[in-house]
1. Can we say A159 is modelled with pLDDT of 90 or more and either touching a strand residue (DSSP E or B) at 6+ places or on another chain (Cβ under 8 Å) or assigned to a loop (DSSP other than H, G, I, E, B) (or both)?
2. Since I205 meets every condition but one in (1) open to solvent by less than 30 Å² (accessible area, probe 1.4 Å); (2) touching a residue at least 60 places away in the same chain (Cβ under 8 Å), which condition does it not meet?
3. One residue is enough: does region 109-118 have a residue meeting the conditions within 30 Å of P226 (Cβ to Cβ), among the β-branched types (V, I, T) and within 20 Å of the chain's Cα centre (by Cα)?
4. Considering only residues of region 190-205 that are assigned to a helix (DSSP H, G or I) and of a type in the set (V, I, T), which is nearest to the chain's Cα centre (by Cα)?
5. Say we look at region 162-181 and pick out the residues that are at pLDDT 90 or above, assigned to a helix (DSSP H, G or I) and more than 17 Å from I192 (Cβ to Cβ); which of these is least open to solvent (accessible area, probe 1.4 Å)?
6. Any chance region 32-45 includes a residue that's part of a loop (DSSP other than H, G, I, E, B), at pLDDT below 90, out of contact with any Lys or Arg (no Cβ under 8 Å at 6 or more places or on another chain) and within 30 Å of A118 (Cα to Cα)?
7. Return the residue satisfying two criteria in turn: it lies in region 212-226 and is more than 13 Å from R154 (Cα to Cα) and hydrophobic (A, V, I, L, M, F, W, C), and of such residues it is modelled with the highest pLDDT.
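The values are calculated or read from the model by the stated rules, or taken from the named source; none is laboratory data. In this text, all values refer to a predicted model and were calculated from it rather than measured experimentally. Quick reminder, even Gly has a Cβ in these numbers, built from the backbone with ideal geometry, and neighbours come from all protein chains shown. Heads up: the accessible areas ignore ligands, DNA and RNA and are worked out on the full protein's heavy atoms, side chains in. Shrake-Rupley method; radii C 1.70, N 1.55, O 1.52, S 1.80 Å.
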Amino acid sequence: ARPAGPAPPPPPPAATSVAISADVAAKLRAAVAASTTPSFNSLGKPLPEAWHPYVPAGELLVAVRLHIDGTQLDPPSERSYTDELLWNVCDAQISPEAFARITCEEEDLPQNFADAIAMAIKRAVAIERHPSTNTDPQQIELSAERNGMVLHDRLVWDASAQAESMMPVESFAQKLTTDLSLPMEMSAAVAIAMRYELQKGGNPIDAGSDGRAFIRTEKEALEWSPILSTDRREPEPHDFKSADRRDRYRARMGRP
């Protein structure tokens, strides 16, 4: 018997298989290119047609504090819900009713909470749509809380539109928390508390027309300084009494 020779080479691939491979490669390249655009996901599949990029027409933020007592609802519930948020009046993408319905689903709240949540948002928006025309500086008593940490402060805020454009409330809140080395989540609490107090109208003050700087006594310095606590503690009365006693002594001695 003759020894077996080398195996014959495999037949060349059919033209159809080459065409299919090229077509698959072209589709893969197209999918990779498409996946880098906003209209496709990372697999190159088009997103649902219902999704469209959205930018609100403007920004008018309203502070909303929610405290829903379930025992006061119909039918009554043993649950209660407390939260605070900033609502953009110019954002037409979601309504108070839709937000309330989603909140009830996410927080596993009874559906009768939805009406109370939506009504609280509408009340806050209605007040902000008819703001006070007084643009004098406002004295604000600030109290913000996050994760058991409480910040008390007193400040004078320029409520004019020009001042708001130069230093929005949110920018001030971020700077304050940075200066005090507070957690960043406290920034949102400060911004909401400030806007809530401004919506109430604050306490207008007359800063005078001669531009004189405020010179505060030691007692006033305590009253106008930020105080941080973890147990809702405010300055105790004896702190102010001691400062007031030293202020009177300085006045008698002719010292500032």
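1. It is false that A159 is modelled with pLDDT of 90 or more and either touching a strand residue (DSSP E or B) at 6+ places or on another chain (Cβ under 8 Å) or assigned to a loop (DSSP other than H, G, I, E, B) (or both).
2. I205 satisfies every listed condition except (1).
3. No: region 109-118 contains no residue that is within 30 Å of P226 (Cβ to Cβ), among the β-branched types (V, I, T) and within 20 Å of the chain's Cα centre (by Cα).
4. I192
5. Filtering region 162-181 for residues that are at pLDDT 90 or above, assigned to a helix (DSSP H, G or I) and more than 17 Å from I192 (Cβ to Cβ), the one least open to solvent (accessible area, probe 1.4 Å) comes out as T178.
6. no
7. My answer is I215.
One line per residue, one yes/no per condition, for (1) modelled with pLDDT of 85 or more; (2) of a type outside the set (D, E, K, R); (3) not in a loop (DSSP other than H, G, I, E, B):
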residue: P183; (1), (2), (3): yes, yes, no
residue: A188; (1), (2), (3): yes, yes, yes
residue: D210; (1), (2), (3): no, no, no
residue: P256; (1), (2), (3): no, yes, no
